[in-house]
Amino acid sequence: MSSPTLFIDVILPLALPKLYTYRVPMEMNDSISVGKRVVVSFKSNKLYTALIRTVKETPPKDYEAKYILSVLDDEPIVTDKQFELWDWMSAYYLCSLGEIMNAALPGGLKLQSETKITLTSNYKEKESLINDKEFLIVDALELNHIITLDQVSKILDQKTVFPIIKVMIDKGVLLIHEEIDTKYKPRKQVYIRLTEAYANHDLLNKELDLISKKAPKQAEMLMAFLKLLYDNKIQNEVVRDELIKYADSSSSIINQLVKKGIFETEEKEVSRLSNGAMDVEDKVVLNDYQLQAYKEINEHFVNKDILLLHGITSSGKTEVYIHLIEEMIAQGKQVLYLLPEIALTTQIINRLKKHFGNQVQVYHSRLSENERVEVWKSLMNKSSDKAKQNTTVILAARSGVFLPYHNLGLIIVDEEHENSFKQFDPSPRYHARDTALVLAKLFDAKTLLGSATPSIESYFNASNNKYELVTITKRHGGVLLPEIVLVDISEEKRKKLMKSHFSQLLLDEIKLALDNKEQVILFQNRRGFAPILECVTCGWTPHCVNCDVSLTYHKSNEQLRCHYCGYVAKIPKNCGACGNNDIRMKGFGTEKVEEELAIFFPETVIARLDLDSTRSKYSYQQIIGDFETNKINVLVGTQMVTKGLDFDNVSIVGILNADSMLNFPDFRSYERSYQLMAQVSGRAGRKQKRGKVIIQCQNPMHPIIQHVLNNDYEKMVADELIERNKFHFPPYYRLIKLTLKHKDFSVLDDGAQYLAKELKQALGSRVLGPESPLVARVRNLFLKDILIKIEREASIRNAKKIISEHINNFKNTKEYKSVYVHIDVDPY
């Protein structure tokens with residue numbers, strides 16, 4: 001009986017509304033299964049890696065299916081549960097499966113098709129036809145045989161090279177072809193072991209006696225090999241590089257022993273993931289308050305799957321998490337521990353690794369592509385092992401929700417209020433906390449949301465019995481909440497008591513802390529040196545050429561920089577409008593705070609913690625490590641200093657400009673301001689001494705500042721809920737934001753008005769806009785926003801269906817085909 005003709009629906013890494021169908025060559029039938037990668041040709045013969053979603057025997061009706069070119073995997077790399085999650089995300093966040101695939105798979109598992117060129121066999125006969133530019137390309141190909149179009153751009157120092165390449169192809173000088181390029185390269189190590197003959201130690205001892213006289217270095221290498229085996233309790237082989245280092249010798253000595261038939265070598269693929277022995281700490285002992293919370297969590301988990309742990313700063317939530325993780329490991333289940341920004345939570349990573357050793361794996365964007373692939377593969381490979389070998393704690397940023405779990409028992413979302421869990425660009429614009437709830441449901445797992453300042457939505461759900469709620473109201477170790485002091489900087493300026501950006505009280509408290517060998521954290525939620533340069537005469541400020549935003553002055557490298565597109569400009573000597581040379585700085589960022597504080601405290605070690613100072617892979621760990629060991633006295637930072645930090649010696653926290661956070665045009669600005677101030681305040685205080693927080697502000701009577709002063713989270717939530725109900729915001733309404741983009745403002749404006757009108761006819765007053773956002777042009781594209789508010793009682797599914805249909809109709813309208821439409825479900 002002949003084999004059936006198979007067809008497969010595949011997910012391509014493109015924003016396509018539907019799956020595309022390909023035909024499977026008969027000889028590949030046995031290699032096909034859901035979740036494997038295949039190489040396919042799509043659109044102008046570009047090659048892509050696609051994922052098999054379904055296997056069937058029916059061809060597509062509307063087009064002739066192309067054949068797949070090859071199958072890349074022996075085993076699936078995506079599980080059924082992952083596909084279920086992707087389907088939910090696609091429906092909920094109104095995005096394509098291809099966009100989710102791009103976000104989910106580590107780069108090393110995505111092959112890229114690069115256009116490459118080679119010389120024709122008879123190119124020398126055409127040399128008389130080529131010009132100087134074309135000769136440069138021929139010269140490069142004679143050296144390298146094959147180069148990419150990106151390399152041609154660099155050789156010619158110009159962006160557009162397609163016309164030149166086309167001419168050279170027409171002349172018969174070049175050939176062009178598509179070649180799949182794989183990013184993932186396995187890590188390999190060479191292992192050394194004794195040959196079978198010399199596994200007999202009597203023979204080895206005789207050989208040692210002989211070569212110790214003639215070749216003492218070879219004898220030393222042999223002795224080092226044997227000692228390394230004995231010390232590490234290894235059976236028969238060691239890593240070559242480790243042996244060379246241990247023996248303080250060279251590879252040439254090993255090669256000589258290989259030639260003599262004493263050693264043999266084997267190259268093996270090894271993991272980049274840490275698997276060395278670690279000192280594991282004893283079990284954490286909970287205090288009375290933590291133990292009570294732990295018991296309540298377990299009791300509530302009997303009936304409810306989602307729980308919010310509201311524990312004040314420094315209440316020891318991590319210790320409770322550790323006990324819950326231990327329970328899951330004892331049951332042979334996996335735990336996903338989500339953190340808002342993995343690079344900012346070094347302390348928690350170290351704590352969990354000390355407690356659970358190599359059962360902890362870390363997954364985040366700062367890992368290399370190869371490291372991310374190996375975490376992925378290690379989880380996939382474990383799916384066939386015994387339950388006891390499956391126990392793993394995955395410590396991850398938001399992308400951790402995409403990993404291939406097989407036996408998930410618990411998801412912990414730490415600092416669940418953090419907006420870093422939200423993906424803003426590119427699509428899918430998902431929220432990791434909300435996605436984690438769905439992921440847990442797929443595995444019948446429990447979800448624990450933890451925060452000292454929970455998001456209003458989560459607290460609202462807990463207050464209305466959708467989630468369970470457990471609170472910890474005491475700080476760990478009997479540490480008192482810090483004393484909070486407000487400084488009215490308007491009054492200070494009137495009395496001429498301000499010194500630069502510091503009140504006299506703040507400077508006095510910093511000096512007292514430093515005299516007592518204590519540490520200080522200063523919080524200013526603006527990086528750079530000065531947000532604005534302004535001409536004194538006419539008020540002109542230098543703006544980005546690509547975006548409608550002023551450039552920020554960075555003194556460290558003497559340049560103006562756009563924080564939206566990265567555009568860099570030199571410092572202007574004269575006003576660009578009136579020519580006057582009196583240009584002054586307005587406002588201040590962390591760079592300026594760092595520099596000016598050094599004037600008041602010249603002998604003090606001051607460091608800065610912001611995006612600019614932590615660009616390299618380990619810079620954050622270095623700064624935090626130095627602060628922990630008291631090598632740094634004062635830490636100046638943006639909201640980075642509010643996250644996941646726990647220092648024993650910080651007695652003073654200064655918030656330099658509290659009002660700047662409150663005056664942002666966003667319905668969440670009050671909530672986020674409270675969270676930031678409360679979180680950074682929580683860094684102050686020690687067992688021996690109560691900490692102090694000094695908040696400098698223009699309006700000390702502002703309700704949010706008063707709530708921070710009184711540590712009254714519940715009152716802040718109550719006030720905000722009244723406002724949000726009144727003006728139709730979450731948690732009472734769901735939001736969907738459409739952002740339209742185009743390089744021509746008139747086309748954009750017409751298109752936005754047209755789409756908004758169509759949506760208003762279908763959804764009525766729920767549709768607001770279109771309006772230009774605060775920054776109305778980014779990367780040379782003009783922006784317009786349409787905001788849709790859907791009441792909780794209405795069917796969100798029907799609303800999304802209507803919105804999708806109107807956007808599809810809009811994209812098919814001839815005049816507006818070139819207008820980009822970005823959909824953001826649950827924005828902000």
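In this simple spin-label approximation, LYS760 and PHE664 carry label points 7 Å from Cα along the Cα→Cβ vector, and these lie 3.0 nm apart. Summary of packing: across the peptides 560-572, 623-635, 98-110, the per-residue average of other C-beta atoms within 10 Å ranks them, highest first, as 98-110, 623-635, 560-572. In this calculation the C-beta distance from VAL190 to SER212 is compared with R0 = 25 Å, giving a FRET efficiency of 0.50. Annotation: extensible slack from ASN358 through LYS631 equals 95.3 nm (criterion: 0.36 nm per residue apart, minus Cα-Cα distance).
Taking the centroid of alpha carbons for each part, the range 47-81 and the range 704-775 are 41 Å apart.
Overall, the chain carries a charge dipole of about 740 debye about its Cα centre when +1 sits on the Cβ of Lys and Arg and -1 on the Cβ of Asp and Glu, all other atoms neutral. Rounded to whole numbers, the Karplus 3J(HN,Hα) couplings from phi for the range 815-828 are 5, 10, 4, 8, 8, 6, 10, 9, 9, 10, 8, 6, x, 6 Hz, using 6.51 cos²θ - 1.76 cosθ + 1.60 with θ = phi - 60°, and x at Gly and Pro. The accessible-area ordering, largest first, of the residues CYS578, CYS95 stands as CYS578, CYS95, per a 1.4 angstrom probe. Extension gain for GLU264 to ARG366 (0.36 nm times residue separation, less C-alpha to C-alpha distance): 33.0 nm.
Protein chains only, probe 1.4 Å: how do ARG372, ARG494 rank by accessible area, largest first? If you can, show how the numbers build up before the last one.
Numbers: ARG372 40, ARG494 160 Å².
Highest to lowest solvent-accessible surface, that is ARG494, ARG372.
If R₀ is 30 angstrom, what is the calculated FRET efficiency for the pair ASN131 and LYS46, using the beta carbon separation as r and rounding to 0.05? Mind dumping the intermediate values first?
Working: r = 29 Å, r/R0 = 0.97.
The pair ASN131/LYS46 has a calculated efficiency of 0.55.
Where in the range 741-777 does the label zone of ALA15 land, with the point 7 angstrom along Cα→C-beta and an amide N cut-off under 12 Å? From the range 741-777, the list is 741-742. Here the spin labels are modelled as points 7 Å beyond Cα on the Cα-Cβ line, and at SER31 and GLU723 they lie 6.0 nm apart. Here the Debye sum runs over all C-alpha atoms of the chain as equal scatterers in vacuum, and log10 of I(q)/I(0) at q = 0.07, 0.08, 0.09, 0.11 Å⁻¹ comes out as -0.71, -0.92, -1.15, -1.51. With the cut-off at under 17 Å, measuring from each backbone N in the range 799-821 to a point 7 Å along the Cα-to-Cβ line of ASP744 picks out 811-821. Note on exposure: LYS511, LYS726, LYS737 ranked by accessible area (1.4 Å probe, complete protein assembly) read LYS726, LYS511, LYS737, with the most exposed listed first.
Model label sites at TRP88 and ASP74, defined 7 Å from Cα along the beta-carbon direction, differ in position by 3.3 nm. Near LYS743, the amide H atoms lying under 5 Å from its own belong to PHE782; only residues 5 or more places off or on other chains count, and H is placed 1.01 Å from N. In this calculation the C-beta distance from LYS441 to GLN292 is compared with R0 = 22 Å, giving a FRET efficiency of 0.20.
The values are calculated or read from the model by the stated rules, or taken from the named source; none is laboratory data. None of these values were measured; they are calculated from a predicted model. Positions of Cβ are backbone-derived with ideal geometry, glycine not excepted, and every protein chain shown enters the neighbour counts. Protein only, heavy atoms only, side chains kept; ligands, DNA and RNA dropped before computing areas. Shrake-Rupley method; radii C 1.70, N 1.55, O 1.52, S 1.80 Å.
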